[in-house]
């Protein structure tokens, strides 16, 4: 049975490398070694190897014996699948949330707070933090649909959504454009206009997809 400190070190290595992948500090095609991570975190290579195996199982990297690992690029098919799923789930959630004026008001208030956070992250030029706020914006919409099974399924997309958000926003200028699109989505929700939201979301997601497949 692994020692507790080894398990903890493995978790640290896993979280560290995964965070760097999701925020595009480590981009698709980049190479990374066990030794590099071990030195960075001041731990042995054994827990790093365990972390790499977990990340490979999740599809974030491919291991090459004695050479390290390569970060797996976002596949075109994966990008399309995630975006299609998000479109279906988010449009359904908004239809459900806007059946009640009270639920709509709560959602709009939460989303406007999130919009300010997105703007703050962009002002700080923290695009990794912006990507997290972007993913949380869309997750809030799903939660407002009040369907536990849909929310659970959507959570399985979260890591990929964060990575795709960061990969599709290479500059703070483009991020600012996306915040404008998010604001338009909130306006449609506030107006309880499901058709308008559907059209805006489809355009928003299509733009993301086009950037990812370039």
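Bear in mind that the values in this text are calculations on the coordinates, not laboratory data. None of these values were measured; they are calculated from a predicted model.
Things to note:
- Convex hull volume of the stretch 76-212 per residue (C-alpha atoms, cubic angstrom): 85
- Bins of 5 Å, starting at 0 and running to the largest distance - Cα pair percent for the stretch 4-71: 4, 20, 33, 27, 13, 3, 0
- The value given for the stretch 47-92 is a Kirkwood hydrodynamic radius of 12.4 Å, derived from the mean inverse Cα-Cα separation.
- Part-to-part distance (alpha-carbon centres) for the stretch 62-117 and the stretch 150-168, which is given in Å: 5
- The angle between the Cα long axis of helix 45-57 and the main principal axis of the chain comes to about 40°, on a 0 to 90 degree scale.
- Three principal axis lengths of the stretch 1-133 [C-alpha, angstrom, descending]: 58, 35, 31
- On Cα atoms only, tilt of 76-97 relative to the major axis of the chain in degrees: 40
- Principal-axis tilt of helix 101-123 within the chain, Cα atoms, nearest 10 degrees: 50
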